[in-house]
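Single-structure report; data block below.
The values are calculated or read from the model by the stated rules, or taken from the named source; none is laboratory data. These numbers were taken from a predicted model, which means no experiment stands behind them. So basically every Cβ, Gly included, is an ideal-geometry build from the backbone, and we count neighbours across all protein chains shown. The accessibility values were calculated without ligands, DNA or RNA, using every heavy atom of the protein model including side chains. Shrake-Rupley method; radii C 1.70, N 1.55, O 1.52, S 1.80 Å.
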Number of protein chains: 2
Amino acid sequence: MKSTKRKNMPPEERRAQLLGCAQMLFFSKGFEDTTIQDVLDMASVSKGGFYHHFKSKDELLFGVLDGMAEGVFSQMAVVASDGTSSALDLLHSFIHLRANYLREHDYPGQVEFFRVMNQDKNMVLLEQFKRRVRTGAMPVLVRIIQKGCDEGTFTVADVDTAAELILFLSTFIDLALLRAIEARGTETADHAAEKLQAAIDMQFLTLDRVLGLPDGTTNFGWPEAVDVTMATQPPLPPSSN
Amino acid sequence: MKSTKRKNMPPEERRAQLLGCAQMLFFSKGFEDTTIQDVLDMASVSKGGFYHHFKSKDELLFGVLDGMAEGVFSQMAVVASDGTSSALDLLHSFIHLRANYLREHDYPGQVEFFRVMNQDKNMVLLEQFKRRVRTGAMPVLVRIIQKGCDEGTFTVADVDTAAELILFLSTFIDLALLRAIEARGTETADHAAEKLQAAIDMQFLTLDRVLGLPDGTTNFGWPEAVDVTMATQPPLPPSSN
DNA sequence: ATTTGCAGACCGCCGGTCGGTTTGCAAGAG
DNA sequence: CTCTTGCAAACCGACCGGCGGTCTGCAAAT
């Protein structure tokens with residue numbers, strides 16, 4: 001008799017454990033290439049045990065997605081409930097939720113996370129995640145823009161559409177960021193870094209112009225972002241002796 | 001012995017036939033849910049026959065994608081080779097490649113095509129297709145913008161990044177368009193139509209501002225676009241007697 | 001006779017099902 | 001307070017249908 005010994009656990013704990021294993025595996029192997037059996041092995045659970053808690057592999061995916069979105073939304077609620085700051089300050093906070101999150105947690109890990117999420121095999125995962133974030137962020141951003149319009153700070157034709165456009169724009173740098181990350185340590189790194197900076201600048205500039213603000217208003221930087229990103233270690237550094 | 005009779009065909013013809021069947025099935029059932037066997041049945045070919053022409057299911061997908069991108073690229077080549085028009089006219093032609101294509105072919109069919117492509121199950125298909133179009137369109141758009149900058153018409157900080165942003169922006173209306181299409185015939189149709197018009201206007205306005213043009217410059221409309229789209233028949237009209 | 005196009009049995013694997021087994025726990029009997 | 005007893009929740013793992021892909025062989029074309 002090997003480790004055939006079973007180990008009952010309260011449902012929530014099991015669920016959490018399975019979700020944790022699934023998340024790791026989804027990131028490392030991609031959703032499609034991750035087998036239920038992979039999850040079972042990592043969690044030391046049987047098929048029956050798994051299907052007692054999840055009714056399908058897709059439900060597992062949605063569970064992981066929910067867990068990821070939770071962190072984002074909890075921070076957004078803080079911004080949404082702020083009634084005293086100006087619209088521009090709120091926008092500042094809103095835009096920097098992501099950057100702040102990255103800075104406060106270990107950034108290299110986040111870079112790797114971003115890199116893995118943007119692989120082809122994780123396209124479904126990433127796109128679904130983006131959709132959830134957009135859906136959750138819309139009402140918050142709409143309120144901010146509406147407030148800015150009421151204050152006379154912003155000028156847009158349609159608040160909803162503007163919010164949607166800004167959220168749409170918010171992933172523009174991802175392409176350049178991904179290329180920069182993949183170019184780390186190669187001879188094209190400098191060029192990619194320049195283009196990344198250009199993409200960031202252009203994204204902020206476009207944000208200014210969409211909201212009818214003077215150029216440069218929303219360039220609430222984190223100037224060292226590009227350098228920090230490029231300094232992150234690639235998966236396989238040359239020092240393998 | 002049923003229709004076990006075999007039917008040899010020249011390789012290109014078979015390939016085209018299989019690609020045609022695959023395209024239809026991919027659109028109707030989605031890529032993941034389409035079985036090789038489905039394609040075999042529709043084309044009346046055996047597994048061996050199929051794998052004689054394609055080495056995997058993915059290669060079949062890429063084949064379909066190539067076929068779809070071909071039409072787009074052939075039109076873009078025309079714009080790219082135009083050396084006489086002004087940058088603004090070139091941009092006009094470039095932006096309207098899609099709209100012109102839609103108008104010249106049967107529009108209702110294109111609407112249905114768009115609707116199907118934007119279903120969740122076709123996410124991989126759509127995203128890969130968008131990527132191909134972006135890749136093919138980049139050099140053309142870069143040339144146009146560069147020309148505009150040389151002429152002094154456009155003002156951008158970085159030509160490549162501006163081109164990328166504009167291509168990125170070009171799919172912004174898709175969300176509103178999809179919602180409008182799905183709202184046809186329902187009580188929310190009017191609202192969706194308004195939002196679609198707002199999205200179109202905002203996309204053009206943003207294009208102006210990204211390129212440093214006066215507001216309204218690039219609003220080379222097709223003013224009846226929204227009405228025509230909304231007038232398209234939904235899949236199941238009420239007159240089924 | 002040789003090459004090319006094709007047929008269809010076959011393989012390994014995956015997501016999902018199902019009947020049965022184990023475990024924790026609460027209620028009643030002593 | 002302890003010891004059955006009962007039962008639902010948690011879990012196991014053999015099993016199934018169907019998938020993408022391989023392989024051997026044969027028939028048509030040249």
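A few points about this structure:
- In Å², nearest 10: area of residue A:202 left accessible to a 1.4 Å probe: 10
- Semi-axes of the equivalent ellipsoid for the protein assembly as shown, computed as √(5λ) from the eigenvalues of its C-alpha gyration tensor and ordered from largest down, come to 37, 34, 25 Å.
- Taking a sphere under 11 Å around the Cβ of residue B:198 and counting the other residues whose Cβ falls inside, with K and R at +1 and D and E at -1, yields a net charge of -4.
- Rolling a 1.4 Å probe over the protein heavy atoms gives the range A:1-118 an accessible area of 58 Å² per residue.
- GNM on chain A, alpha-carbon springs under 10 angstrom: the most fluctuating residue among A:228, A:140, A:79 is A:228.
- Within the accessible area of the range B:83-231 (1.4 Å probe), percent carbon and sulfur: 55
- Of all beta-carbon atoms in chain A, the one sitting closest to the axis that brings chain A onto chain B gives A:209, 2, with the distance in whole angstrom.
- Area accessible to solvent at residue B:101, 1.4 Å probe radius, in Å²: 80
- Note on residue A:7: accessible area is roughly 150 Å² with a 1.4 Å probe, heavy atoms of protein only.
- Kyte-Doolittle mean at least 0.5, axial Cα span of 30 Å or more - DSSP H helices of chain A: A:57-80
- Prolate/oblate/rounded call for chain B, Cα gyration tensor, a/c under 1.5 rounded: oblate
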